[in-house]
Every structure is written in C-alpha cells, then in structure tokens.
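Peer 1: The structure is given below, and queries will be raised subsequently.
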Amino acid sequence: MENKIPKERKKVLDSLFEAFAIVAEGAFVYLCDMKYDYSRWSKTAVELFDLPAEYMYEAGKIWEEHIHPEDRENYRREIEAIFSGLSFGHDLQYRAKKPDGNYDVCTCRGVVILDQDGVPEYFGGVIRNHGLQSQLDELTGLRNQYSFFEALQTNIRLQNRIRICMIGIRKFTEINEVYGYHFGNMILQKFGRYLMDHIGSRGSVYRLDGTKFAVVFKDNSIEEIQKIYKNLREHSREGLCIDNQCAILDLNAGLITLDNFSINDQTVYACLNFAYGESKDRKQGEMVEFYNNLTEENRQRIEKLHVIRASITQEYRGFYLLYQPVVDARSEKLIGAEALLRWRSEEYGMVPPDHFIPLLERDPLFPDLGRWILKRALTDAKEILMYCPEFMINVNLSYTQLEKPDFIPMVLETLKETEYPPEHLCLEITERCRLLDMDLLRNIIVQLKTKGIRFALDDFGTGFSSMGLVKNLPLDTIKIDRSFVLKIEEDDKEREMIGHCTGIASTFGAKVCVEGIETSGVRDILQEYQVQSFQGYYYSKPLEIEDLISWMKERKIK
Ligand code: C2E
Ligand code: MG
Ligand code: MG
C-alpha cells in the first residue's frame, strides 16, 4: 500500500489497541485504521497463526488466507460490507488454519468506530479461539452439535434470517446390524463428506447426534433447498459404497426458517426436530417445513412453545392436571378418571394439550414432563382411592416416552415413590405407537402388566393401524373415540360401527370405554352395546382434583 500511515495515527492506533486489549480478557485483539488499512494484531495471534507481523497493511486479506475455504466467502462478504460502509460490526464464526495445517474454530466479533463526520475510521474487535477438539466431530470432521448451537445463537442474536435443514438417515440401525458398526461409521463419514461437497458454499454443514446432520443456509429459497435435498436423496438412494459394499440410504429432512428472534436456540431446535419427526413418521422422508406459512397464529405458537419449554426447566411452573371422571356404563358410578394435562400462564391463559404436546413430545425435555405427570397423577389418585377403592387412574403416554430405555424403571420408581398400587394405574397409549418397534412395545406392555399395570388403547378408530395394535398387544381396554358417537343418534351406520368396534374388543378380550358422551340420548343408545365404561361432558368436564372429590361426594357414589 502506497498510502503509508503517519506516525501520529499509528500512536492513536496503539492507544486504542491497548484499550481493546484490556477488555479482551485473553482473546486475540485486532484493530484496523481503515483510512490506511493498517492494523495491529495481538502478538499471541501472530505467533499461533504465523502471521507476518503484529503490524500489517491489508491484514484482512492476509487473514483470509488462513480461513477455511468453506468459510471464506462468508468472511469476505462481511469484511467487504464493513469496508464499504454497509455494515458497522460483525459476529462471525470460522475455522482458521494454523501452521501445522489444523484448523481452530474461532468466533470473531468486531465494531466500526466512526470519525466526527460519520465516516468509518477504525475497525476493531476480538477473536476467540475455541480450539480444535471441542468444535469438530471426530468421526466426520464436520463441525459438531456444540458448534451448531453456537452458530444458531449467533444468528438469533444478530437477527440473521437463515434457513436450517435437518437431514438424517432412515433406519440406520439396520445398516449397522447388517454390515457391522465399523462399516456404519464409514458410511456416516462418507455421507458427511458427500453432504459437504454437495452443499458447497451454499451453506454450512454440521453433524448433530447420531445420523442427523444440519445445514444452515443464508440466502437460499425454500425451492432451492427442496431441489438440493431432492438431488441428495436421489444420490443416497443409489447407494454409498465402501470397498465394493454398497448401502442404500433413505433420508428424512425437516426445515425451518428462522425469522423470529425472540426465541432461543433450544426452541428453534425443538421446532426443527418436530418437522424432522414429521418427515420421518408421516411423510416417508419428504422434506417437511416447519409451518410453511408463518402466520401470526403460528408465530405465537412458537413463542408459546418457547415459554412452555422454559416452564419445564423451572420446576414445571404453570403445569397442572385436570381429571375427567370415568363412570361404570350401567350404574354410572365413578370408577376412575383420566388425568389431562394443562398449562397456564398469565400471558397466555390456559393452553390445552393439543396445542403443545405434539410439538413437545419429541423434545428431549418431554420425558421429564412425562415423569412429572405420572407422579402428580398418582399422588392425587391416592387420595381418591381412600373414598373409592376400585378407582383407576388413567394416564396418557406419548409414544416417544416409550422409546426411552429407562421408561420401565421410571414407571416402577414413580409407583414406589408415591406408594401407589400398580393395579389401579392404567396407561393410555395411542395409535401413534405403531411408529415404535412392535416387539419393543409388546415387551414393555408385558413387563409392566406383570406388575399389575393396565393398558388402554386411546382414540380407537381414528387411525389406520388401530386394528393391528389391538391384534398384537395385550390390551385391557379400548377407548372408542368421541368422533364415533357424534352422530350416533341419527345415523344407523354409525351405530353399526359401534357394534363392530365392541365386537373387535371382545374378540381380543378387552373392555370398552366410550369417550365423548355429551347427552343422555347417546348414553341410552350405548347402553345397548357391550360397553363397560363412559367418559364425557354429560357426566363431567375435566375437573381440578378437589372438584373431582366433591363431584364424587355429591353423587354419593363412594
Ligand atoms: P384424549 O386422551 O383422548 O383425552 C380426551 C379428550 O377429550 C380430552 O381433551 C377431554 O377433555 C376431551 N373430552 C372428554 N369428553 C368430552 C366430550 O364429551 N366432548 C368433547 N368435545 N370433548 C371431550 P384434552 O384434555 O384437550 O386432551 C386432548 C388430548 O391431549 C388427549 O386426548 C391426549 O391425547 C392428550 N393429552 C392430554 N393430557 C396428556 C398427558 O398428560 N400426556 C400425553 N402424552 N398426552 C396428553
Ligand atoms: Mg386419553
Ligand atoms: Mg381419547
């Protein structure tokens, strides 16, 4: 650079640099006099990265050479924006190369200082070196989950509109089982490498846990990402080969556009996981976008989810259970109740479970909430047992709870802690359980049944697989969904359906509970069928525990 910096300006640069160094707390400092593009860098950085000198002209360009090729474009764009006066600061993450060829992950935060005329004069900041190990995935060499969350936090802080795609491999356990674990690892490695090459400079690739990867896109439209995924899927289906052995890979993908910055990284991740789960469970691997129309309602839903998630970690603040009576179909006496989850806050009022359970059930926090629900329900039910000895408490389960290896010990421990008799607990599973391995599910049910716990199939008839579950699982009760009884009074066919459902239940030795009884007319009709119990607004809406006790006493059905 011909334009050599005058001595006085260098002095100013030095004193400003010292000020930065004091607040940098050990991080590397850089400061650039933008009028001369003359910089001073921390000695420690110069040594670690083998930079030419502490004082450098065009340090930005020199530093660029040290940045990982994949991260370079992003870096260059940011620096250009700063030097052209379009941006007044940056917060970047990139990998920087050391003389031994290894890369360290660094975050770099900088600000522009303007002169009295408002023209950019200095650009300075700190570079934090996160080291090599903690940020990279050892198997694939990609950036890891930790690094993903850091990037996510940074993007939220800077309010960068990004799109995040979670891509994973379907049924990878089968590959491990068929070809062995070592081969499985090599496939993951190869897939990671392929994904990185395929994405190129369009986005940054991370390996999350297991077989899941994430790609962060800055500028691509949904259509472009769909196309990228389509190609990736086609290629993976053709098979990835290692030493003449090829594994055909099927993928799943979820996508979220980050344009709400009032939520945190964990909530974004929960939403992304939800979209991914939908792709896996319902869409045979098609890419699912998390609420592709981000209406005001959906926006509020995400924000609400954010607050609800936080409540779980704040000792379940705002969560409570209501209990809906279950009565004997003949005597109409109380024989049990179903525990139904609610959440309430000052801001949102009471939120029904349908609004948050489907979003939350794949969240790593959900099992904790599941345990809390069971404990609360058993503690309350114990009180009712004192008045009503045959009382049965029904607790709903989400299929994701059953997947957890500690599910059985969790239930048994909770029974022990609360000193609750297992024969008075009935766990409700839903048709969604078809997504689990049938042997695993049967095994869990059989093991818990030997302890005396009962099982019911909820919402019977609302999905396609209810029959399969009834056939394969030793269920005690089948709960017929209220959609079946809505028109029972005027429609013969609906009545016939009830007849079939009760027939199926008795073939397999299960009792029948009908949900959603709203009128005495419906009750009268159903009393002619093989139905053992009723539940519905005709008897009572879900009640607080104290109200359930009063309800029971008022009806004198001790
Ligand atoms: P579900 O287990 O089938 O619960 C029955 C739902 O039907 C409840 O809605 C109940 O309030 C409602 N209901 C009962 N009788 C009537 C009636 O006569 N008419 C009408 N219109 N509705 C009636 P809720 O409490 O909103 O729960 C919705 C769903 O949320 C539940 O369906 C269940 O799948 C899920 N859920 C609730 N609590 C939990 C929980 O603790 N854990 C899990 N995993 N899921 C839960
Ligand atoms: Mg239920
Ligand atoms: Mg139900």
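The values are calculated or read from the model by the stated rules, or taken from the named source; none is laboratory data. Because the structure is a prediction, the values reported are computed rather than measured. In this analysis, Cβ positions are derived from the backbone assuming ideal geometry, glycine residues included, and neighbour counts consider all displayed protein chains. We work out accessible area using only protein heavy atoms, side chains counted, and drop any ligands, DNA or RNA first. Shrake-Rupley method; radii C 1.70, N 1.55, O 1.52, S 1.80 Å.
Peer 1: At q = 0.08, 0.14, 0.16 Å⁻¹, what is the log10 ratio I(q)/I(0) for segment 314-554, with the Debye formula run over Cα points and no solvent?
Peer 2: -0.29, -0.94, -1.25
Peer 1: On a full-extension model of 0.36 nm per residue, what is the gain between LEU412 and HIS235, subtracting their alpha-carbon distance, rounded to one decimal in nm?
Peer 2: Values: separation 177, 0.36 × 177 = 63.72 nm, distance 4.66 nm.
My answer for the length gained is 59.1 nm.
Peer 1: Rounded to a whole number, what % of the accessible area of the chain do carbon and sulfur atoms account for, probe 1.4 Å?
Peer 2: Values: 12820 of 26500 Å².
Exposed carbon and sulfur together represent 48 percent of the surface.
Peer 1: Be a star and scan segment 215-256 for residues whose amide nitrogen sits under 19 Å from the point 7 Å along the Cα-to-Cβ vector of LEU139.
Peer 2: 215, 236-237, 239-243, 245-254
Peer 1: Rounded to the nearest 0.05, what FRET efficiency do LEU158 and LYS11 have when you use their Cβ-Cβ distance and R0 = 35 Å?
Peer 2: Working: r = 33 Å, r/R0 = 0.95.
In this case the efficiency is close to 0.55.
Peer 1: Percent of Cα-Cα pairs per 5 Å bin, from 0 to the last occupied bin, for segment 1-119, please list those.
Peer 2: Result, from short to long distances: 2, 10, 20, 25, 24, 13, 5, 1, 0 percent.
Peer 1: For segment 145-293, what does the accessible surface come to per residue with a 1.4 Å probe? Please give it in Å².
Peer 2: Working: 6720 Å² over 149 residues.
It amounts to 45 Å² per residue over segment 145-293.
Peer 1: So, one more: Tilt of helix 265-281 relative to the longest C-alpha principal axis of the chain, in degrees (0 to 90, nearest 10)?
Peer 2: That works out to roughly 60 degrees.
Peer 1: How about LYS43: which lysines have a C-alpha closer than 19 Å to its C-alpha, ignoring those fewer than 8 places off in the same chain?
Peer 2: Answer for LYS43, where 19 Å is the Cα cut-off: LYS10, LYS11, LYS61, LYS97, LYS98, listed by chain and number.
Peer 1: Now for a separate question. With r defined as the distance between the Cβ atoms of PHE261 and GLU518 and R0 fixed at 45 Å, what FRET efficiency is calculated, to the nearest 0.05?
Peer 2: Rounded to the nearest 0.05, the efficiency is 0.55.
Peer 1: Looking at segment 1-108, which trypsin sites (Lys or Arg not before Pro) are in a loop (DSSP not H, G, I, E or B) and have at most 15 other Cβ atoms within 10 Å? Numbers along the way, then the final one.
Peer 2: Details: sites: LYS4, LYS7, ARG9, LYS10, LYS11, LYS35, ARG40, LYS43, LYS61, ARG72, ARG76, ARG77, ARG95, LYS97; in loops: LYS4, LYS35.
Taking segment 1-108 and a limit of 15 other Cβ atoms within 10 Å, the loop trypsin sites (Lys or Arg not before Pro) found are LYS4, LYS35.
Peer 1: In addition: Can you compute the FRET efficiency between MET350 and LEU486 using 1/(1 + (r/R0)^6), with r the Cβ-Cβ distance and R0 = 25 Å? Round to the nearest 0.05. Before the final figure, lay out each step's value.
Peer 2: Numbers: r = 25 Å, r/R0 = 0.98.
With a Förster radius of 25 Å, E is 0.55.
Peer 1: Separation of segment 488-558 and segment 326-351 by C-alpha centroid, Å?
Peer 2: 15
Peer 1: What is the mean projected area of the alpha carbon convex hull for the chain, to one decimal in square nanometres?
Peer 2: Working: hull surface 130.8 nm².
Dividing the Cα hull surface by four gives the mean projection, 32.7 nm².
Peer 1: So, one more: Could you provide, to the nearest whole Å², the per residue accessible area of segment 2-132 with probe 1.4 Å?
Peer 2: On the way: 6690 Å² over 131 residues.
It amounts to 51 Å² per residue over segment 2-132.
Peer 1: Let me ask another. Before I look further, what does segment 314-554 give for accessible area per residue, probe 1.4 Å, in whole square angstrom? Kindly include the intermediate steps, with their values, before the conclusion.
Peer 2: On the way: 11040 Å² over 241 residues.
Per residue, segment 314-554 has 46 Å² of solvent-accessible surface.
Peer 1: While we're here: Can you give the % of DSSP beta bridges in the chain that are antiparallel, to the nearest 5?
Peer 2: Numbers: 70 of 95 bridges.
Restricted to the chain, the bridges split so that about 75 percent are antiparallel.
Peer 1: Select from segment 478-558 those GluC sites (Glu not before Pro) which occupy a DSSP coil region and have at most 11 other Cβ atoms within 10 Å, ordered by residue number.
Peer 2: When the GluC sites (Glu not before Pro) of segment 478-558 are filtered for loop state and at most 11 Cβ neighbours within 10 Å, GLU490, GLU528 remain.
Peer 1: Report the far tail of the P(r) of segment 436-508, meaning the percent of Cα-Cα pairs longer than 15 Å. Numbers along the way, then the final one.
Peer 2: Details: 1529 of 2628 pairs.
Tail of the P(r) past 15 Å holds 58 percent of the pairs.
Peer 1: A further question follows. Under a point spin-label approximation (7 Å from Cα along Cα-to-Cβ), what is the LYS449-ARG555 distance to one decimal in nm?
Peer 2: About 2.9 nm, to one decimal.
Peer 1: Using alpha carbon centroids, what distance separates segment 1-38 and segment 225-243, in Å?
Peer 2: The two parts, judged by their Cα centres, are 49 Å apart.
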